[in-house]
Structure formats: C-alpha cells, structure tokens
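Colleague: Handing you a structure now.
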Amino acid sequence: MANTVVITGATAGFGAACARRFGAAGWNLVLAGRRAERLETLKAELSPTCAVHTVALDVRDRAAVLAAVDALPAPFSTVHSLINNAGLALGLAPAQACDLDEWDRMIDTNVKGFAYVARALLPKLIAVGEGTVVNLASVAAKWPYPGGNVYGATKAFVRQFSYNLRCDLVGTGVRVTSIEPGMAESEFSLVRFQGDADRAAKVYAGTDSLTPEDIAESIFWVCTLPKHVNVNCLEIMPTCQTWQPFHVHREG
C-alpha cells in the first residue's frame, strides 16, 4: 500500500513542487490550498501516476481544517507524512509603519493555521506509528533583517513549535523537521509585494537562487530517511547567499 502525504499550500511554490516529487514516487497525495482551480489542475496533472485527493481550504479556518481531516476518505485517511507549508510574508515596512491587517494575516496563517493543521493530523500520524511532520520555516526564523518583524517572528514560532513537537512525540515513531530555506525563487515575493511583478523580480535579479524543486527534494529526503533518523532542523541557502552584515545606522 502506498504511503500518504498531506501537503498544505499545495497550489504553488514549495507545495506544488512537493506534490510532484512525492507523486513521482507513487505516494498518495492530499493536496490542500485556497485556490480550487489550481488544485484541480494539479490533480489532473498528477492523477495518471498517483492517487490524489484535493481539499479547498484556508488553514486560518479552524473548523474547516478539523472537518477536512475528519472527512478524509480511504486510503487518504491513513497519513504517513505532513508537509505543513501554507504560509506567506506581506510587506517590508518597519514595525512603526506597518499595516496591522498584514500582521494579522501572517499570524493567522503562519502561526495559528500551522497549529490547527498539526493538531488535526497528529492523531492520524501517531495511529500509524511512524512518519514525518515537516514544518516550513525560513532562515528568517534565526537571521533578522529590516522589515522582517512579524514575518520573522512567525517563522521563529515554526522552528520552536517543531522542537516542542519533537518533545511531545518522542516514543510515538513520528518525526518532526523544521525546514528553513533561504532565497528561493517562487511566488513568495509576488505575494509579499501584492502582485508587483517588477519588484518581486528584483529580489532574485543576478542570483542563482534555490528553486521549489530544490526544497521539495530536501523534504522528500527527510521523509524517506530510515525510521530511526530525525533531522531536527535543515537550513538551506543558495551558494550565492550568506549571512548579511549587521545592520548599522551611520550618521551623515
């Protein structure tokens, strides 16, 4: 029987790349995302090679998350891995000039939504007695930058949440990994800049950035390691990126 993976934020970027990577290996896919049309397009693409179940879902809606998990049909109800990927960054304004609605949306998605999805699916993973929870954090969980404020804080939550889940799940056979990508070219910056394609493109100009496929390959590796091996945290940067110098204000 094929293993089943649940992927949130599956309609683009890391999520869609993970769907293709796990699908190519014959896993059953539960694909969740807000954009129903994209989900169905991805299902049509992948169904010839694997079983696919789609769920149009906003992870900020706790009741909807719980209901979607409860309603999973066989064989998708036996879950072996969760890729907790739904998340976003909005804006780069300093904290004193931020849009509070953007802060709310990041907290609701990157913190509360993450927690809702994990809480709903952990009993299923524990029932199987093995498997992997992969939480998508960011290098911003550890390395601050101007304008990162609440986004960076939400990703620090993801990292610490992952570590604490490890403590709660010890002895269950369920592993937990915080994946922390650096510069990766996807729709991430397009969302951050409210659809401003020119501004988003400048983020990656002149770089050989990570791709969603790079991250998907890393996640697949984490999920298919021997059962006794747990990768606590995996920080991934493109070769062209390193840690920025300390941010310094200079007079004059």
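The values are calculated or read from the model by the stated rules, or taken from the named source; none is laboratory data. This is a predicted model, so every value here is computed, not measured. When we count neighbours, we look across all protein chains shown, and the Cβ atoms used for this are built from the backbone with ideal geometry, even at glycine.
Colleague: Of everything in segment 75-90 that's small (Gly, Ala, Ser) and surrounded by 18 or more Cβ atoms within 10 Å (Cβ to Cβ), which residue is nearest to residue 175 (Cα to Cα)?
Modeller: From segment 75-90, those small (Gly, Ala, Ser) are 77, 81, 86-87, 89; that's our starting set.
From what is left, the residues that are surrounded by 18 or more Cβ atoms within 10 Å (Cβ to Cβ) are 81, 86-87, 89.
Details: 81: 9, 86: 19, 87: 21, 89: 27 Å.
Taking the candidates together, the pick is 81.
Colleague: Can you name every residue in segment 110-130 that is free of Cβ contacts under 8 Å to residues at least 24 places away in the same chain and either buried (at least 16 other Cβ atoms within 10 Å of the Cβ) or under 17 Å from the mean Cα position of the chain (by Cα) (or both)?
Modeller: 119
Colleague: Further question: Pairs please, first residue from segment 239-250 and within 20 Å of residue 214 (Cα to Cα) and of a type in the set (Val, Ile, Thr), second anywhere and at pLDDT 75 or above and surrounded by 10 or more Cβ atoms within 10 Å (Cβ to Cβ), Cβ atoms under 8 Å, 6+ apart in sequence or on different chains.
Modeller: Within 8 Å, the pairs are 239/208.
Colleague: Under the condition of being surrounded by 13 or more Cβ atoms within 10 Å (Cβ to Cβ) and assigned to a helix (DSSP H, G or I), which residue from segment 201-212 is modelled with the highest pLDDT?
Modeller: As a first pass, look at segment 201-212 and keep what is surrounded by 13 or more Cβ atoms within 10 Å (Cβ to Cβ): 201, 203-204, 207, 209-212.
If we keep only those that are assigned to a helix (DSSP H, G or I) as well, we get 201, 203-204, 212.
On the way: 201: 69, 203: 70, 204: 72, 212: 94.
Among those that are surrounded by 13 or more Cβ atoms within 10 Å (Cβ to Cβ) and assigned to a helix (DSSP H, G or I), it is 212.
Colleague: Take segment 213-248 and flag every residue that is assigned to a loop (DSSP other than H, G, I, E, B), among the hydroxyl-bearing types (Ser, Thr, Tyr) and under 26 Å from residue 129 (Cα atoms).
Modeller: Passing the criteria: only 224.
Colleague: Tally up the residues in segment 199-208 that are touching a residue at least 24 places away in the same chain (Cβ under 8 Å) and in contact with a Ser or Thr (Cβ under 9 Å, 6 or more places away or on another chain), please. Break it down into steps so the answer makes sense when it comes.
Modeller: Our first condition is that a residue be touching a residue at least 24 places away in the same chain (Cβ under 8 Å); within segment 199-208, this holds for 207-208.
Of the ones still in play, those that are also in contact with a Ser or Thr (Cβ under 9 Å, 6 or more places away or on another chain) are 208.
The number of residues fulfilling the criteria is 1.
Colleague: Does any residue of segment 173-183 turn out to be surrounded by 16 or more Cβ atoms within 10 Å (Cβ to Cβ), more than 17 Å from the chain's Cα centre (by Cα), β-branched (Val, Ile, Thr) and at pLDDT 95 or above?
Modeller: yes
Colleague: Whether any residue in segment 85-97 is free of Cβ contacts under 8 Å to residues at least 12 places away in the same chain, under 19 Å from residue 154 (Cα atoms) and part of a helix (DSSP H, G or I) is what I want to check.
Modeller: yes
Colleague: I would also like to ask the following. When residue 10 is evaluated against the numbered criteria (1) without any contact (Cβ under 8 Å) to a residue 40 or more places away in the chain; (2) touching a strand residue (DSSP E or B) at 6+ places or on another chain (Cβ under 9 Å); (3) closer than 28 Å to residue 148 by Cβ, which criterion, by number, is the only one it fails?
Modeller: Going through the list (1) without any contact (Cβ under 8 Å) to a residue 40 or more places away in the chain; (2) touching a strand residue (DSSP E or B) at 6+ places or on another chain (Cβ under 9 Å); (3) closer than 28 Å to residue 148 by Cβ, residue 10 breaks only (1).
Colleague: Inside segment 129-157, can you point out the residues that are in contact with a helix residue (DSSP H, G or I) (Cβ under 6 Å, 6 or more places away or on another chain), of a type in the set (Val, Ile, Thr) and either under 26 Å from residue 94 (Cβ atoms) or at pLDDT below 95 (or both)?
Modeller: Answer for segment 129-157, where residues must be in contact with a helix residue (DSSP H, G or I) (Cβ under 6 Å, 6 or more places away or on another chain), of a type in the set (Val, Ile, Thr) and either under 26 Å from residue 94 (Cβ atoms) or at pLDDT below 95 (or both): 150, 154.
Colleague: Let me ask you something else. Specify which of the listed residues (133, 150) is buried (at least 17 other Cβ atoms within 10 Å of the Cβ), within 19 Å of residue 218 (Cβ to Cβ) and among the hydrophobic types (A, V, I, L, M, F, W, C).
Modeller: From the options 133, 150, the qualifying one is 133.
Colleague: Quick check, is residue 166 surrounded by fewer than 19 Cβ atoms within 10 Å (Cβ to Cβ) and closer than 22 Å to residue 236 by Cβ? Outline the logic, then answer.
Modeller: Numbers: surrounded by fewer than 19 Cβ atoms within 10 Å (Cβ to Cβ): yes; closer than 22 Å to residue 236 by Cβ: yes.
In short, yes.
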